[in-house]
Amino acid sequence: MHMLMKDRLGWFVSILLFILVLYPLAAVIVQVLLPGVFFGNWQLGNLSLLLEIFRRPLWQKSLENSIVLGLGTTLLATLLGMVLATVRANWSFRTAKLLDGAVWLLIITPSFILAQGWVLFAAGGGIAVSAFGWDWVTGAVFQPAGLIFIMTLSKFPFAYLSVYAALEWKVDQLSHAARLSGATAFTVWRTIQAPLILPAVWAGAALVFMDTIGDFGLPASIAAVYRFPTLPYSIYSAIYTSPIRFDMAGVLSFYLVLLIGIAMSVQFYAMRRSRFDFLSARAERSTPKPAGKYGMLLTGLNLLFLAVVIGIPLGANLLMSVFKTQSGGIAINNLTLDHYRELFHSSSLLLKGLSHSLMIAGSAALLGLLLGLCAAYVLTYSQFKFKRTIEVFSIVTLAVPGVVLGIGYIFVWNQKWLDKIGLLLYGTPWILVLAAIAGAIPVITRLMVGAMAKVPNSLLTAAQLQGDTFISRIRLILIPLVRGALLSAGLAAFGSSVFDLAVNSILFPPNFLTLPVSINKAFEDLNFGYASAATVLGSAVVILIILAIELLLRRKETKL
């Protein structure tokens with residue numbers, strides 16, 4: 001009976017993940033082969049359309065820009081992340097903790113907010129020009145190399161965390177043996193230490209590439225001042241230009257998924273070829289050594305680095321929100337709170353968009369938490385024969401760009417026959433909730449699997465022998481033991497769902513603006529002060545809600 005319940009739960013989770021993730025992704029591919037199948041037309045598509053990407057200038061340029069941006073960012077961000085992780089793991093200095101905090105801040109901050117900050121800083125008449133007189137910044141940033149530089153400073157945390165985790169343990173006898181044989185410190189690093197962390201480097205590089213090539217925030221933000229079409233932005237344009245080009249969206253989505261699939265294949269192949277099982281009983285946890293005479297140098301360089309990667313994008317948004325004019329620069333007579341007052345004006349849609357986003361994020365967090373809890377339970381405790389498939393389904397949305405998922409949701413949930421059974425969700429807020437759940441599942445599942453791994457199955461088995469029902473075991477034993485992880489997973493899902501620009505831009509219903517769409521529209525209209533004030537206010541509200549919920553529930557947990 002117990003096994004039957006677990007199998008039923010496994011099938012329930014599998015079906016929901018198929019509907020939320022795999023079906024929309026498959027719909028994008030099917031749309032290329034059968035362009036009208038989701039709208040009642042079963043005619044076979046013209047496969048030569050796939051080759052049109054090499055003949056149509058916009059399609060070809062979008063593909064070229066995405067590849068150049070992806071490869072350039074992957075190379076530089078992986079190198080930067082590897083260097084920073086190596087320094088952080090080997091030496092201690094005063095501002096090291098700030099680097100760790102900045103890495104997580106960059107990961108959780110939506111890419112379009114970071115990109116908007118760079119635009120506000122580097123655009124003609126922006127902060128760099130008006131405040132510092134750096135006229136060269138505009139030309140340096142708004143070119144392919146400059147955009148690669150911006151993306152590098154935004155995406156390096158993936159490589160940093162991957163390599164830093166690999167450096168947690170060390171086996172010094174290999175290095176000592178090499179040094180006793182006359183090898184220099186650099187030779188030891190090149191021939192021993194670097195190869196040992198190669199799998200982590202490949203993993204970090206793959207994450208950087210996939211996140212970069214699927215990024216919608218940067219092209220959406222820079223479109224106001226610089227034309228740089230990429231695959232995600234051209235997919236969005238195909239849906240929201242007249243006439244609607246589903247064929248174009250399908251073809252470009254196909255190539256975007258193809259590039260991500262190639263990246264994942266290269267990663268798996270490289271990791272199989274470079275597998276090193278080097279940890280033994282002599283392994284020790286790595287402890288950073290004092291930097292000594294280089295401590296001040298590392299501290300200074302780190303502060304300068306943080307001033308660029310954090311200070312410029314976030315600081316530019318904050319400054320622009322209190323500037324009367326963009327060209328006025330940093331001066332007392334150029335400071336104002338008018339942009340914040342405008343947010344509360346009766347004609348402003350910002351507060352309504354914020355309330356919509358909070359409602360969607362809250363619903364997605366609660367429903368996603370329920371599904372993620374079930375998925376984690378199946379992965380941790382069941383013998384369900386397809387649980388490996390569930391694991392793949394639960395992480396695939398990390399690799400699939402939001403615009404592709406959004407296009408898939410249009411194909412799946414915009415069919416006439418769904419209206420007859422009351423499930424025509426396209427054009428309703430519920431489609432945003434479903435997409436937000438799909439995006440939150442990977443984070444929730446990973447956090448819950450890690451927490452459940454610490455809870456032995458014997459506790460649940462003992463309760464079962466005492467006659468407890470399945471629901472009682474979950475409610476009275478498992479949930480209290482993983483309550484902290486549940487809270488963290490729910491808050492993480494809530495925070496990420498509020499600022500998901502890609503999915504919101506593709507799927508938002510008519511007259512139902514959300515916070516990220518409202519901010520991006522103001523930015524596209526060159527209303528930089530309003531957009532910046534909306535970004536600051538929205539971020540502050542979300543952070544305060546997260547802190548209040550965590551404080552309230554953590555305190556209640558402590559009392560219990």
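Looking at the range 451-506, the helices (runs of 4 or more DSSP H) lying wholly inside it that each contain 2 or more residues that are in contact (Cβ under 8 Å) with a residue 60 or more places away in the chain and either closer than 30 Å to L537 by Cβ or of a type in the set (A, V, I, L, M, F, W, C) (or both) sit at 483-498. Which one is surrounded by the fewest Cβ atoms within 10 Å (Cβ to Cβ), of the residues in the range 193-238 that are touching a helix residue (DSSP H, G or I) at 6+ places or on another chain (Cβ under 8 Å), polar (S, T, N, Q) and under 20 Å from L507 (Cα atoms)? Checked the range 193-238; the qualifying residue surrounded by the fewest Cβ atoms within 10 Å (Cβ to Cβ) is S234. Hey, any hits in the range 358-367 for a residue that's buried (at least 16 other Cβ atoms within 10 Å of the Cβ) and out of contact with any helix residue (DSSP H, G or I) (no Cβ under 6 Å at 6 or more places or on another chain)? The answer is yes; a qualifying residue exists.
Within the range 385-397, identify whether any single residue is closer than 30 Å to V266 by Cα, part of a loop (DSSP other than H, G, I, E, B), out of contact with any Cys (no Cβ under 8 Å at 6 or more places or on another chain) and modelled with pLDDT under 85, and answer yes or no. Yes, there is a match, as at least one residue in the range 385-397 is closer than 30 Å to V266 by Cα, part of a loop (DSSP other than H, G, I, E, B), out of contact with any Cys (no Cβ under 8 Å at 6 or more places or on another chain) and modelled with pLDDT under 85. Among the residues of the range 341-365, those identified as in a helix (DSSP H, G or I) and more than 28 Å from the chain's Cα centre (by Cα) are R341, E342.
For A436, the criteria (1) surrounded by 19 or more Cβ atoms within 10 Å (Cβ to Cβ); (2) within 30 Å of V403 (Cα to Cα); (3) out of contact with any Asp or Glu (no Cβ under 8 Å at 6 or more places or on another chain) hold in every case but one, which is (3). Restricting attention to the range 206-258 and to residues that are in a loop (DSSP other than H, G, I, E, B) and charged (D, E, K, R), the residue that is farthest from W59 (Cα to Cα) turns out to be D215.
For L478, are the conditions met, namely being at pLDDT below 85 and either surrounded by fewer than 19 Cβ atoms within 10 Å (Cβ to Cβ) or at negative phi (or both)? Taking the combined requirement at face value, the residue satisfies it.
Within the range 115-126, identify whether any single residue is in a helix (DSSP H, G or I), of a type in the set (V, I, T) and touching a residue at least 24 places away in the same chain (Cβ under 8 Å), and answer yes or no.
Checking the range 115-126: at least one residue is in a helix (DSSP H, G or I), of a type in the set (V, I, T) and touching a residue at least 24 places away in the same chain (Cβ under 8 Å).
Taking the conditions (1) within 21 Å of M210 (Cα to Cα); (2) among the small types (G, A, S); (3) in a loop (DSSP other than H, G, I, E, B) in turn, G422 satisfies each one other than (1).
Yes/no per residue for (1) under 21 Å from L432 (Cα atoms); (2) buried (at least 16 other Cβ atoms within 10 Å of the Cβ); (3) modelled with pLDDT under 80:
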position	(1), (2), (3)
S458	no, no, yes
A462	no, no, yes
V482	no, yes, yes
F523	no, yes, no
V541	yes, yes, no
A548	no, no, no
E557	no, no, yes
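The values are calculated or read from the model by the stated rules, or taken from the named source; none is laboratory data. Everything numeric in this text was worked out from a predicted model, so none of it was measured. Counting neighbours? That spans all protein chains shown, and the Cβs are built from the backbone with ideal geometry, glycine included.
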